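Only one structure is covered here, and it is reproduced in the block below.
The values are calculated or read from the model by the stated rules, or taken from the named source; none is laboratory data. All of these numbers come straight from a predicted model, not from anything done at the bench. Please note: Cβ atoms are built from the backbone with ideal geometry, for glycine as well, and neighbour counts cover all protein chains shown.
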Amino acid sequence: MLPMRIGVSLRSSYGTVEPRVAARRMVERTRAARAAGLDSLFVGDHHVTGSTYLQNGPVLGRLLAEWGDRTAGALFLLPLWHPVLVAEQVGTLAALARGRFVLQVGLGDGEGQFAGMGASLSRRAGDLEAALDVIRRLLAGETVTADRPVRIRDARGGPLPPEPVDVWIGAGAARGIERAARLGDGWIAGPWVATDDARDQAARYLDARAALGRPPGVVAVRRDVHVGADGADAHRVADPVLAAGYRGLPPDAAVVGGPEEVAEAFLALGELGYTDVLVRHLADDHDEVLASFERLAAVRDLVREA
């Protein structure tokens with residue numbers, strides 16, 4: 001079995017932080033992730049926030065200048081996007097990337113977000129499948145005519161990616177996991193999934209892939225973490241954040257501890273069938289986040305040596 005990979009899903013939301021400060025933080029965190037030897041770098045997608053949320057295409061273009069030749073990618077909540085625009089964004093970002101590019105896709109949620117983007121919440125599952133088909137055909141150089149998710153006539157994409165783009169699909173519901181098995185090159189479990197559910201969801205995905213006669217591909221899970229110098233130091237930073245109801249996470253979904261404890265938690269996920277852990281940091285304090293990134297290098301070494 002290949003060693004588990006550790007990547008980062010960078011925080012893009014900074015509330016009322018001045019936008020240039022937020023952008024500098026993302027650049028510095030990318031440098032820290034590279035210095036820690038992490039395997040992949042991703043940015044998220046959200047709209048109609050009314051706050052400092054740095055959008056995926058422009059910010060990833062800047063971050064790729066810092067990242068090197070490791071895997072990178074961006075999440076696109078496909079029901080909120082025109083598929084031709086996504087194909088053009090992905091082709092451009094893949095041209096800037098020096099390594100493999102991954103298109104992460106998800107359904108998105110929230111009535112306000114969908115209404116603000118003029119999208120249909122009730123049609124989102126079908127719109128995702130239709131959009132992904134269009135995007136893949138455009139990225140392959142086809143001329144595409146389609147009636148869904150929007151009416152398209154004789155569309156062509158460009159630039160085309162220099163190599164095939166992998167598609168990882170985020171999902172938690174049974175139907176969504178089965179969709180990921182059918183349509184994706186990988187699947188991403190959400191950060192809210194507790195340990196027992198993580199086991200059940202991975203089994204559902206792997207069983208669905210086997211039933212389709214497809215290899216497992218990437219089996220990823222996102223985890224909100226803080227790596228301290230030791231357990232007490234980690235809990236000093238993370239406990240007040242979690243006590244305030246951070247993202248509604250269940251108690252055992254976050255990973256908090258010294259390097260040895262965090263490595264043990266990641267390896268336990270590997271035993272469930274996960275190939276990749278995508279880290280998002282719990283802390284608001286930028287210096288604490290950078291320190292946690294530095295300690296992730298030790299976590300990476302412990303995981304690879306196991």
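Looking only at residues in region 105-114 that are assigned to a helix (DSSP H, G or I) and in contact (Cβ under 8 Å) with a residue 60 or more places away in the chain, the one that is surrounded by the fewest Cβ atoms within 10 Å (Cβ to Cβ) is Gly112. Out of curiosity, is Thr52 in contact (Cβ under 8 Å) with a residue 60 or more places away in the chain and either closer than 25 Å to Ala119 by Cβ or surrounded by fewer than 18 Cβ atoms within 10 Å (Cβ to Cβ) (or both)? No, not satisfied.
When you look at Asp133, is it among the acidic types (Asp, Glu), surrounded by fewer than 17 Cβ atoms within 10 Å (Cβ to Cβ) and in contact with a Pro (Cβ under 9 Å, 6 or more places away or on another chain), yes or no? Taking the combined requirement at face value, the residue satisfies it. Among the residues of region 9-34, those that are out of contact with any Ser or Thr (no Cβ under 8 Å at 6 or more places or on another chain) and within 18 Å of His226 (Cβ to Cβ) comprise Ser9, Arg11, Arg25, Glu28, Arg29, Ala32, Ala33.
Restricting attention to region 209-235, the residues that are at positive phi and touching an Asp or Glu at 6+ places or on another chain (Cβ under 6 Å) add up to 1.
Cβ-Cβ distances below 6 Å connect the following pairs, each with a first residue in region 88-103 that is closer than 17 Å to Val218 by Cβ, a second residue that is among the acidic types (Asp, Glu), and a separation of six or more residues or different chains: Gly99/Asp69; Val102/Asp166. Take Pro149 and decide whether it is in contact with a helix residue (DSSP H, G or I) (Cβ under 9 Å, 6 or more places away or on another chain) and at pLDDT 95 or above. Yes; evaluated as a whole, the condition is true for this residue.
The residue that is surrounded by the most Cβ atoms within 10 Å (Cβ to Cβ), counting only those in region 180-204 that are more than 23 Å from Val255 (Cα to Cα) and touching a Phe, Trp or Tyr at 6+ places or on another chain (Cβ under 9 Å), is Ala180. Being at pLDDT below 95 and under 21 Å from Val43 (Cβ atoms), is that true of even one residue in region 286-302? No, the conditions are met nowhere in region 286-302. Scanning region 139-189 for residues that are farther than 23 Å from Ser120 by Cα, among the hydrophobic types (A, V, I, L, M, F, W, C) and assigned to a loop (DSSP other than H, G, I, E, B) yields a count of 3.
Could you name every one of the helices (runs of 4 or more DSSP H) located completely within region 16-104 that has at least 3 residues being modelled with pLDDT of 95 or more, within 15 Å of Asp166 (Cα to Cα) and not polar (S, T, N, Q)?
Working: elements: 19-35, 56-67, 83-96.
Hits in region 16-104: 83-96.
Only residues that are of a type outside the set (A, V, I, L, M) and either touching a Cys at 6+ places or on another chain (Cβ under 6 Å) or surrounded by 17 or more Cβ atoms within 10 Å (Cβ to Cβ) (or both): list them for region 136-162, please. Of everything in region 136-162, those that are of a type outside the set (A, V, I, L, M) and either touching a Cys at 6+ places or on another chain (Cβ under 6 Å) or surrounded by 17 or more Cβ atoms within 10 Å (Cβ to Cβ) (or both) turn out to be Arg136, Arg137, Pro149, Gly157, Pro161. Residues that are modelled with pLDDT under 95 and either over 25 Å from Ala202 (Cα atoms) or among the hydroxyl-bearing types (Ser, Thr, Tyr) (or both) within region 242-282 comprise Leu242, Ala243, Ala244, Gly245, Tyr246, listed in sequence order.
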